[in-house]
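A quick write-up on the structure given underneath.
Quick note: the coordinates plus some simple rules give every number you see, no bench work behind them. Everything numeric here is computed off the predicted structure, so don't read it as measured data. Note that each Cβ is placed from the backbone with ideal geometry, even for glycine, and that neighbours are counted across all protein chains shown.
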Amino acid sequence: MALVSAKQMLNDARDGHYAVGAFNINNLEWTKLILEVVEELKSPVMLGVSEGAVKYMGGFNVVADMVKALVEALNISVPVALHLDHGSYEGSFKAIEAGFTSVMYDGSHLPLEENLQKTREVVAYAHERGISVEAEVGSIGGEEDGIVGAGELADPKECQLLADTGIDFLAAGIGNIHGKYPANWAGLSFDQLEKIQASTNGKPLVLHGGSGIPVEQVKKAISLGVSKVNVNTELQLEFAAATRKYIEEGKDQIGKGYDPRKLLKAGTDAIQAKVEDMNKNYFGCADKA
Ligand code: 13P
């Protein structure tokens, strides 16, 4: 199946009271593994790629061509959207030109009027080409690719204005942060989420910073309109821990254990278990494709 826009899959998730996992990819191994898992689970999926990861992998065309070729070679039948995560204004256009099927334009650091205006421009360009658009107001806490946010609750009125630009889904801070949650984290603000949901007329909502949020909180957020959950750090931690264990146990020194295909397997297998667990037990999107 060809890559698809995320509009339909997130509207379906909203109506069906589940969420689609948006997993960040960093290399070929992660991409292949995630595609194999979602095919097995019959889950729709979004593959999130930050501009840092785009640069790391060699550019927008490399990423788009790799993902398209893997989807075809692996006979993937579930809907897959290739999504730019926290895109810049210029990056959003470049991603669309290269074949991404969904973009997040993140103008949350700009004055509101400028964010609204630039979001409208990205929406016009994307929608002419059948590409879905996510945008953000307020800022999600934590650090991602050098962009640091303070952890905020988005203003429902601003959410409404951004939703009215014609975007397909909206990222709004409800106390979530990127990266590891500190021990004294207050948790998600469901009051705020309810207000945002009420002001945005059923627009599917996105929960960034999906790593390490207790399962009950994720489920409650989904019941209140969250239709996409972004996960990056948790997969990185699983990958790093399993790789460390492999080396500390000296497995790279046994036979040809140093072969990168073997060296990267322990971490990749660890990601597999995590993606399965999240899709089945957190997001409820198994058997939804
Ligand atoms: P985490 O790295 O905290 O999972 O957040 C991912 C994310 O929100 C990507 O936009």
Exactly one of ALA242, ALA221 is away from the ligand (no atom under 16 Å from the Cβ) and either touching a residue at least 24 places away in the same chain (Cβ under 8 Å) or among the aliphatic types (A, V, I, L, M) (or both), and that residue is ALA242
The residue that is surrounded by the most Cβ atoms within 10 Å (Cβ to Cβ), considering only those in segment 167-217 that are away from the ligand (no atom under 13 Å from the Cβ) and of a type in the set (Val, Ile, Thr), is ILE196
Which numbered condition LYS251 misses (of (1) away from the ligand (no atom under 16 Å from the Cβ); (2) under 23 Å from the mean Cα position of the chain (by Cα))
(2)
Of everything in segment 87-119 that's out of contact with any strand residue (DSSP E or B) (no Cβ under 6 Å at 6 or more places or on another chain) and outside any helix (DSSP H, G or I), which residue is surrounded by the fewest Cβ atoms within 10 Å (Cβ to Cβ)?
PRO111
Where the second residue is within 11 Å of the ligand (Cβ to nearest atom) and part of a helix (DSSP H, G or I) and the first is of a type in the set (S, T, N, Q) and lies in segment 14-31, which pairs have Cβ atoms under 9 Å and are six or more apart or on separate chains?
ASN24/ALA53; ASN24/THR233; ASN24/LEU235; ASN24/GLN236; ASN26/ALA53; ASN26/LEU235; ASN26/GLN236; ASN27/ALA53
